[in-house]
Amino acid sequence: MKEQLGHALCLAKWKQVSLHLQTGLNNSCYHPPLHAIDPVAIASNPAALHNTEYKKTQRRIMLQQERPAECSYCWNMEDQGKLSDRHYRSGEHWAAVDFEQIKNSTGAEDDVIPSYVEVNFNNACNLKCSYCSPQFSSSWHDEAQRMGPYATSTPHNSLDHFTGNRRIIPAREHNPYVEAFWSWWPRLYPTLEHFRMTGGEPLMDKNTYRVFDYVLANPSKKLHLNVTSNFSVEPELFKRYLGYVKNICDGRIEHFMQYVSVDSGIPEQAEYIRHGLDYMRMFDNVNRYLTEIPSYNSLTFIITMNNLSVTGLKSLLGWILFLRRTHSKTYQRVWFDTPVLRTPTWQSLQILPASYAAKLEEVKAFMLEHMEDPRYPHQGFKDYEVARLDRDIAWMRSGQTQDHSTAQADFYRFFAEHDRRRNTNFLKTFPEMRSWWTECESHARQS
């Protein structure tokens, strides 16, 4: 597939979509910037949620074997000799099966029905993750409304930004994008192979349970149904959710994947990064899920690789290793991914000193010491998991020679204000990062 794809073609532009219905925005995966969905077009053609004119233009560029600028993350990885997400995504069955048809298309043909759809219906969320925004969290929106933006070099999470076509549509209001989605859903559903609900917090969203009800009434043996959660909601809500998932995993679909977002294995640090997280509640809910639903499902940890996750990553991988040995008996039930964070820039891996890349090399060495043994499958780490961390390290090192003084100053400004507003304490939570904190404070005072 890597050789067939050539210089620029990525099948995700056709077969995958991420829909952000609370703002009417769209992208093909999480690397390119979001772009607007035309509200006029979807009124008569709900498939335009995915098949925007902007995206069709990007498809034409790829078919001409040129690299769209919006996909620079993958091009940079490939230019360093690494496998990019373009290769991973395009190699998946849900995309690769249509390779010949896509390769021979013009990019402006009739609308394409995607096989992989991610959707967040609204921004309702009980957390205020440090790298998140009002666009994806109602809790963030409430704080920004009460206390204003953070005083970084460009005011962070200012509600002035979320106006016009970037306005966040509250869950209580009529949303034409959600309406268009449900009009499209009966046509979309029969060909879906992967459907993933994100947020916000999907466990708090009525649309999640509407999807579940539809799936229960219309089983699909080829469907992989996926939900991303912080797994830190109120007990009664989690009980309701778990009951639904048990019924769905009773042979109604091919597979249910539960994604759980957490960025450190040190509880206090995980709770600092993702403010509002109850680490022990999340811990217990992970164990309940893996214990109480024995078949047709797995769980993947999403570890967003940011500069606060470095020192707690080894602890988190140690827990994942324990869960694999406990729950992965006949098939792989516990997974993880390490997508790299690029914005906000002050939480990027690239602004850390070189010594922190060395810490990730130590994590990589830990993984290599606990690789999967063919005699005991599903228990250890896999080659491609090491390769993904290695890719993150390479990306981290590629930017460390640049001047990051502005981002470092913003790091201090943001987290000093974070501590003031949220009654947290950076140095108490991350004592091992004291010298880094002092360096960032110095940049902030000089600028």
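Choose one of Met257, Tyr356, Ser315: the residue whose Cα lies farthest towards the positive end of the charge dipole of region 241-376 (beta-carbon charges +1 Lys, Arg; -1 Asp, Glu; about the Cα centre). Sorting the options by dipole projection puts first Met257. Largest accessible area first, the residues Lys221, Lys13 order themselves as Lys221, Lys13 under a 1.4 Å probe with ligands, DNA and RNA left out. Per residue, the convex hull spanned by the Cα atoms of the chain measures out at 147 cubic angstrom.
Annotation: extensible slack from Asn165 through Ala41 equals 43.2 nm (criterion: 0.36 nm per residue apart, minus Cα-Cα distance). Taking amide hydrogens as placed 1.01 Å from N in the peptide plane, the amide H of Ser229 sits under 5 Å from those of Tyr259, Val260, Ser261, each at least 5 positions away in sequence or on another chain.
Rounded to the nearest 20, the size of the Cβ-charge dipole of region 349-447 about its Cα centre is 420 debye, with Lys and Arg at +1 and Asp and Glu at -1.
Cysteines of the chain lacking any other cysteine Cβ under 4.7 Å from their own Cβ: Cys10, Cys29, Cys71, Cys74, Cys125, Cys249, Cys440. As a length-normalised measure over Cα pairs under 8 Å and 6 or more apart, the relative contact order of the chain settles at 12 percent. Straight-line cross-link partners of Lys82 among the lysines, defined as a Cα under 18 Å from its Cα and at least 8 positions apart when in the same chain: Lys2, Lys364, Lys382.
Between Glu372 and Tyr331, the modelled label-to-label distance comes to 1.4 nm, taking each label 7 Å out from Cα in the direction of the beta carbon. The phi torsions of region 359-373, fed into the Karplus equation with coefficients 6.51, -1.76 and 1.60 and a -60° offset, translate into couplings of 5, 5, 5, 5, 5, 4, 4, 4, 5, 5, 6, 10, 6, 4, 9 Hz, rounded to whole numbers, with Gly and Pro shown as x. Normalised radius of gyration (Cα atoms, divided by 2.2 N^0.38 Å) for region 394-447: 1.22.
Solvent-accessible surface of protein heavy atoms, probed at 1.4 angstrom with all chains present, puts Thr198, Thr406 in the order Thr406, Thr198, largest first. Normalised by 2.2 N^0.38 Å, with N the number of residues, the alpha-carbon radius of gyration of region 1-151 equals 1.16.
Leaving out ligands, DNA and RNA, what percent of the accessible area of the chain is carbon and sulfur, probe 1.4 Å?
Of all accessible area on the chain, carbon and sulfur atoms account for 50 percent.
If both residues of a DSSP beta bridge must be in the chain, then about 20% of such bridges are antiparallel.
Per residue, how much accessible surface does region 305-447 expose to a 1.4 Å probe? Answer in Å², no decimals.
With the other protein chains kept in place, region 305-447 gives 44 Å² per residue.
The residue among Ser232, Ile113, Cys10 whose Cα reaches farthest toward the positive pole of the charge dipole of the chain, with charges on the beta-carbon of Lys, Arg, Asp and Glu, is Ser232.
Here the chain is treated with +1 on each Lys and Arg Cβ and -1 on each Asp and Glu Cβ, and its dipole about the Cα centre works out to around 420 debye.
Note down the magnitude of the dipole of region 1-155 about its Cα centre, charges +1 on Lys and Arg C-beta and -1 on Asp and Glu C-beta and zero elsewhere, to the nearest 20 debye.
Numbers: 14 positive and 17 negative charges, 45 e Å.
That gives region 1-155 a dipole magnitude of about 220 debye.
To the nearest 0.05, how large is the calculated FRET efficiency for Trp319 and Thr424 if R₀ is 30 Å and r is the Cβ-Cβ distance?
The formula returns an efficiency of 0.85 here.
The values are calculated or read from the model by the stated rules, or taken from the named source; none is laboratory data. What you see is a predicted model; the values in this text were computed from it and never measured. We place every Cβ from the backbone using ideal geometry, glycine too, and count neighbours over all the protein chains shown. SASA here: full protein model, heavy atoms, side chains in, ligands and nucleic acids out. Shrake-Rupley method; radii C 1.70, N 1.55, O 1.52, S 1.80 Å.
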